[in-house]
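Structure first, commentary second.
The values are calculated or read from the model by the stated rules, or taken from the named source; none is laboratory data. What you see is a predicted model; the values in this text were computed from it and never measured. Please note: Cβ atoms are built from the backbone with ideal geometry, for glycine as well, and neighbour counts cover all protein chains shown.
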Amino acid sequence: MNKIKWLSLSILFTSMFAQAASHHKLVFINQYDGNQDWSLTIGEFDNARQTRFNHTDENNDGFIDESEYVFEYKNRMDNQLNKDRQGQVKQTVIRFNALDKNDNNRIDLHEYEASAKRTFTYFDTNEDGVIDGKDPKPKRNKKKKQLSAQEKQTKQIKRLPYAKSILRMPTTHSFKGLLAKYDDNGDKVITSQEISQMRHKIWNIADEDNNGWISEQEYLYEFEDRMDEHIAKTRKSAIKQTYVRFNILDKDDDKKMTFKEYQTSGHRSFNRFDTDNNHIVTLAEAMPKPRKKSKTKAAQATSY
């Protein structure tokens, strides 16, 4: 395999871990832990990988070709996206009820605008009239209590549905989410005017009958339209990366992936999470150190 191909693999897996740095190990253990005791041995891992390899090899010729590899991933991805979409719909209904302060089963304009003001005030922590990187992170009122090892693991496991999620809609719960949703000019500074303009744009789309208020159905329909557009983009990008992954893992470029080639990425992931080198990956052991991206390598990989 040429050097550029291996660099591409490095960048690709780095980006995969970066997407969910604190949760990826949770998903990794869950998908291969046969007895579900949250302790993944190398034996369990290899057996689970062999099972998935055999399932992907539909014509049972001992190899995985590109179409088989992509088809298997598409099925897993679409199943997860369907679950993610259902979860997003439930959260949207919860958001509607939270905005409907007077419980009259509709969102009035003053309720909608009040929500925007609360968001702006919450994130403009230095009170300089804009939200940007200079604002310290908002302080949470909730005090952290000391947890036992078992309590920490239970808390981690509860986050599994979120950790497994592929669909990540921009959320106003973080500065990054605010930028994605409201920073129209891309200057990484959010003004109250930008938030107001974007929210009024959304309001006008959602209020389909132009009666001056938004029903739960209207609120949900507007969000579903944006969500489905986001799903389509997510799916297209993920499928494109699946073809890239196949070509990277197919080290001898014969368009057939052997189990040994398939396990190249698998063992790399296992060994990365097995930070105490005892051939067992658990939630309790230390997380691996974040990988440092090389601009030179990234440029080379991109050129490939």
Would you tally the residues in segment 48-78 being touching a residue at least 24 places away in the same chain (Cβ under 8 Å), farther than 11 Å from Phe259 by Cα and over 23 Å from the mean Cα position of the chain (by Cα)?
2
Determine the pairs where a residue that is under 16 Å from Thr51 (Cβ atoms) and at pLDDT 50 or above, located within segment 17-36, has a partner that is of a type in the set (Asp, Glu) and in a helix (DSSP H, G or I) with Cβ atoms under 8 Å apart, the partner being 6 or more residues away or on another chain.
Tyr32/Glu44; Asp33/Glu44; Gly34/Glu44; Asn35/Glu44
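Is one or more of the residues making up segment 116-126 in a loop (DSSP other than H, G, I, E, B), out of contact with any helix residue (DSSP H, G or I) (no Cβ under 9 Å at 6 or more places or on another chain) and within 29 Å of Thr282 (Cα to Cα)?
no
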So which residues in segment 168-192 are assigned to a loop (DSSP other than H, G, I, E, B), surrounded by 13 or more Cβ atoms within 10 Å (Cβ to Cβ) and either in contact with a strand residue (DSSP E or B) (Cβ under 7 Å, 6 or more places away or on another chain) or β-branched (Val, Ile, Thr) (or both), if there are any at all?
Thr172, Asp183, Val189
Restricted to segment 208-239, and to residues that are surrounded by fewer than 16 Cβ atoms within 10 Å (Cβ to Cβ), in a helix (DSSP H, G or I) and of a type in the set (S, T, N, Q), which residue is nearest to the chain's Cα centre (by Cα)?
Ser237
Give me the pairs, please: first residue somewhere in segment 253-276 and in contact (Cβ under 8 Å) with a residue 60 or more places away in the chain, second residue anywhere and of a type in the set (Asp, Glu) and surrounded by fewer than 17 Cβ atoms within 10 Å (Cβ to Cβ), beta-carbon distance under 7 Å, and either six or more positions apart or on two chains.
Lys255/Glu66
Extreme residue, nearest to Arg199 (Cα to Cα), among residues of segment 168-182 that are in contact (Cβ under 8 Å) with a residue 12 or more places away in the chain and of a type in the set (Ser, Thr, Tyr):
Tyr182
Among the residues of segment 42-78, write down those that are crowded, with 18+ Cβ neighbours inside 10 Å and not hydrophobic (A, V, I, L, M, F, W, C).
Glu44, Arg49, Thr56, Asp57, Asp65, Glu68, Tyr69, Glu72, Tyr73
Which residues, taken from segment 256-285, are on the phi > 0 side of the Ramachandran plot and in contact with a helix residue (DSSP H, G or I) (Cβ under 6 Å, 6 or more places away or on another chain)?
His279
Mind listing just one residue for me: the one in segment 138-167 that is part of a loop (DSSP other than H, G, I, E, B) and in contact (Cβ under 8 Å) with a residue 40 or more places away in the chain and, of those, farthest from Gln31 (Cα to Cα)?
Leu167
Selected residue (criterion: surrounded by the fewest Cβ atoms within 10 Å (Cβ to Cβ)) from residues of segment 79-93 that are within 18 Å of the chain's Cα centre (by Cα) and of a type in the set (A, V, I, L, M, F, W, C):
Val89
Can you tell which of Ile195, Ile205 is part of a helix (DSSP H, G or I), out of contact with any strand residue (DSSP E or B) (no Cβ under 8 Å at 6 or more places or on another chain), of a type in the set (Val, Ile, Thr) and surrounded by 17 or more Cβ atoms within 10 Å (Cβ to Cβ)?
Ile195
Residue hits (segment 240-279; among the hydrophobic types (A, V, I, L, M, F, W, C), out of contact with any Lys or Arg (no Cβ under 8 Å at 6 or more places or on another chain) and either in a loop (DSSP other than H, G, I, E, B) or buried (at least 18 other Cβ atoms within 10 Å of the Cβ) (or both)) are Phe246, Leu249, Met257, Phe270
Failed item in (1) charged (D, E, K, R); (2) surrounded by 16 or more Cβ atoms within 10 Å (Cβ to Cβ); (3) under 30 Å from Ser265 (Cβ atoms), with Asp132 passing the rest
(3)
